[in-house]
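For reference, the structure I am asking about is given below.
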Amino acid sequence: MKYAILGAGKMALALTHGMLRAKLCAAADITAASRSKSGLQNFAAATSVRTAASNAEAVGAADVVLLCVKPADGLAALHEAGDVWKGKLLVSVVTGLKIVKLREAAPGSRVIRAMPNTAAMVGLSATAIASGEKATRADLKTAEQIFQAVGEVFPVDENQLDAVTGLSGSGPAYIYLVMEALSDGGVAAGLPRKLALDLAIQTVLGAAGMASSTKEHPAVLREMVTSPGGTTIAALGVLEKAAVRSAFIDAVKAAAKRAKELSGE
Ligand SMILES: NC(=O)c1ccc[n+]([C@@H]2O[C@H](COP(=O)([O-])OP(=O)(O)OC[C@H]3O[C@@H](n4cnc5c(N)ncnc54)[C@H](OP(=O)(O)O)[C@@H]3O)[C@@H](O)[C@H]2O)c1
């Protein structure tokens, strides 16, 4: 299978590294095209993939095209490829660009939309993927393999992608804020700043690891560390009083609403 990557930024780099690490293909099977020559050269130096002089050249030589440009550049990047889309699988990670628009700009292609997150850079993305009506089971499998190379994959309907964006797309930022606040709490309680931050990061990592490997509901795991009259219940009372739980619910809803607005609904 031959791949084209349009765009040479952060997501293109994360996906290419992941695909090569997972041995999904060889570097010679990937051709990248991007807007600036210097950006494309840096990308090729970091990945050893081939480069193309234009989007049309990259797409023309590929079976699968990964669209990895910013939302404002998405349709232009597809139009620049011209009339070479028939029979290609187009996999877009562009936030808010709907399958119907992608198909209009890449006529004759089969389309899959994906919403990865920034943790793709360390192989730990939560990626949701949605198939267009022309995409086949084999196409879905191809897209799953690409995103499994950078984390976990969750098939969804396209109409769920705004909610996915609100939860796992923007979610890493919410957790960074939690880590920062926890480490500030540690400093307030007398710990040196570096130690407090290291403890906060490892605590988030450990809690995610527990939830992921035990498959227990978070409420069960929380009860397991909450002894009667102990320290944890004292802290949880403070969090509930501050309505932290409903703040997170409202945050995800606000991000999902914004994603819907940005996709033109
Ligand atoms: N980063 C994330 O964590 C994340 C998570 C989920 C989804 N996404 C989605 O992934 C997409 C890419 O994000 P990113 O963070 O990788 O952006 P980025 O780092 O800014 O990279 C965008 C790349 O696209 C290139 N480009 C611009 N116009 C082009 C065109 N017409 N043809 C070919 N290449 C073109 C840019 O080239 P220049 O350098 O010359 O401008 C740049 O290399 C976005 O749509 C975003 O919504 C990103």
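No value in this document is a laboratory result; all are computed from the given coordinates. For clarity, every value in this text was computed on a predicted model and none was experimentally measured. Methodologically, a virtual Cβ is constructed for each residue, glycine included, from the backbone with ideal geometry; neighbour enumeration extends over all protein chains shown.
Efficiency by 1/(1 + (r/R0)^6): what FRET value for R21 and K134, r their Cβ-Cβ distance, R0 = 41 Å, to the nearest 0.05? Don't skip to the answer; put the middle values down first.
Details: r = 30 Å, r/R0 = 0.74.
That pair, R21 with K134, gives E of 0.85.
Now for a different question. With springs only between Cα atoms under 10 Å apart, run a GNM on the chain and tell me which of M19, M115, M224 wobbles the most.
It is M224.
Calculate one ³J(HN,Hα) per residue across the range 111-118 by plugging θ = phi - 60° into the Karplus curve 6.51 cos²θ - 1.76 cosθ + 1.60, and present them in order as whole Hz with x for glycine and proline.
Taking θ as phi minus 60°, the curve returns 10, 10, 9, 10, 10, x, 9, 4 Hz for the range 111-118.
Same structure, new question: Mind listing the long-range amide H neighbours of R50? Cut-off is under 5 Å, sequence gap 5 or more, other chains count too, H placed in the peptide plane at 1.01 Å from N.
Amide H to amide H, under 5 Å and 5 or more residues apart or across chains, R50 pairs with I30, A32.
Another question, then. Assign unit charges at the C-beta atoms only (+1 for Lys and Arg, -1 for Asp and Glu), then state the dipole size of the range 3-158 relative to its Cα centre in Debye, rounded to the nearest 20. Each step should come with its number before you reach the end.
On the way: 17 positive and 13 negative charges, 29 e Å.
For this selection, approximately 140 debye.
Looking at the chain as a GNM with Cα springs under 10 Å, which of V238, V94, V153 has the largest mean-square fluctuation?
For the chain, modelled as a Gaussian network with Cα springs under 10 Å, the answer is V238.
Given the C-alpha atoms of the chain, compute the convex hull and give its volume per residue in Å³.
On the way: hull volume 38.4 nm³, N = 265.
Enclosed volume per residue, from the Cα hull, is 145 Å³.
Counting alpha carbon pairs within less than 8 Å and at least 6 residues apart, what relative contact order, in whole percent, applies to the range 159-254? If you can, show how the numbers build up before the last one.
Details: 38 pairs, mean separation 27.8, N = 96.
Computed over the range 159-254, the figure is 29 percent.
Hey, another quick one. Calculated FRET efficiency, S227 and T203, Cβ-Cβ r, R0 30 Å, to nearest 0.05?
FRET efficiency, S227 to T203: 0.95.
Also, I was wondering about something else. As a test of the formula, what do you get for the chain when each DSSP H run with n ≥ 4 contributes -39,500 (n - 2.57) and the sum is divided by the residue count, at 222 nm and rounded to the nearest 500 deg cm²/dmol?
Values: 12 runs with 136 residues, N = 265.
The helix-only estimate for the chain comes to -15500 deg cm²/dmol at 222 nm.
In debye, nearest 20: dipole of the range 58-120 around its Cα centre with unit charges on the Cβ of K, R (+) and D, E (-)?
On the way: 8 positive and 5 negative charges, 49 e Å.
The calculated dipole for the range 58-120 is roughly 240 debye.
While we're on this one: So, with +1 on the Cβ of K and R and -1 on the Cβ of D and E, and no other charges, what is the size of the charge dipole of the chain about its Cα centre, to the nearest 20 debye? Let's see the in-between values first.
Working: 28 positive and 23 negative charges, 74 e Å.
So the magnitude is around 360 debye.
While we're on this one: Given 0.36 nm per residue, what is the gain on full extension from D63 to L236 after removing their alpha carbon distance, in nm?
57.1 nm
Still on this structure, please answer the following. Could you work out the relative contact order of the range 80-201, using alpha carbon pairs under 8 angstrom and six or more residues apart, expressed as a whole percent? Don't skip to the end; give the middle numbers.
Values: 174 pairs, mean separation 23.5, N = 122.
Once divided by the residue count of the range 80-201, the mean separation gives 19 percent.
Which loop GluC sites (Glu not before Pro) in the range 144-252, with loop taken from DSSP, have no more than 16 other Cβ atoms within 10 angstrom of their Cβ? Show your work: numbers first, answer last.
Values: sites: E144, E152, E158, E180, E216, E223, E240; in loops: E216.
Here the sparse-neighbourhood loop sites are E216.
Now, a different point. Note the angle between two axes, namely the Cα long axis of helix 10-21 and the longest principal axis of the Cα atoms of the chain, as a number of degrees from 0 to 90, rounded to the nearest 10.
Approximately 80 degrees, to the nearest ten.
Under 16 Å from the Cα of K260, which aspartates and glutamates turn up, not counting those fewer than eight places away in the same chain?
Reachable aspartates and glutamates: D157, E158, D162, D250.
Specify the angular offset, from 0 to 90 degrees and rounded to the nearest 10, of the alpha carbon long axis of helix 171-188 from the longest principal axis of the alpha carbons in the chain.
The two axes meet at around 30 degrees.
Using the Cα centre of the chain as origin and beta-carbon charges of +1 (Lys, Arg) and -1 (Asp, Glu), tell me which of M210, V59, S170 is placed farthest towards the positive end of the dipole.
Ranked along the dipole, the leading option is V59.
Calculate, for S36 and M1, the FRET efficiency according to 1/(1 + (r/R0)^6) with r their C-beta to C-beta distance and R0 30 Å; round to the nearest 0.05. Provide the component values of the computation, followed by the final result.
Numbers: r = 27 Å, r/R0 = 0.91.
Efficiency for this residue pair is about 0.65.
Here's something else I'd like to know. Can you tell me, using C-alpha contacts under 8 Å and at least 6 residues apart, the relative contact order of the chain as a whole percent?
On the way: 426 pairs, mean separation 39.7, N = 265.
The value is 15 percent.
Please check which bits of the range 9-23 a label hung off R258 would reach, taking the label as a point 7 Å along Cα-to-C-beta and the cut-off as backbone N under 16 Å.
none
Do any trypsin sites (Lys or Arg not before Pro) in the range 58-107 lie in a loop, going by DSSP, with at most 13 other beta-carbon atoms within 10 Å of their beta carbon, and if so which? Present the calculation step by step, with values, prior to reporting the outcome.
Numbers: sites: K86, K88, K98, K101, R103; in loops: K86, K88, K98.
Answer in residue order: K86.
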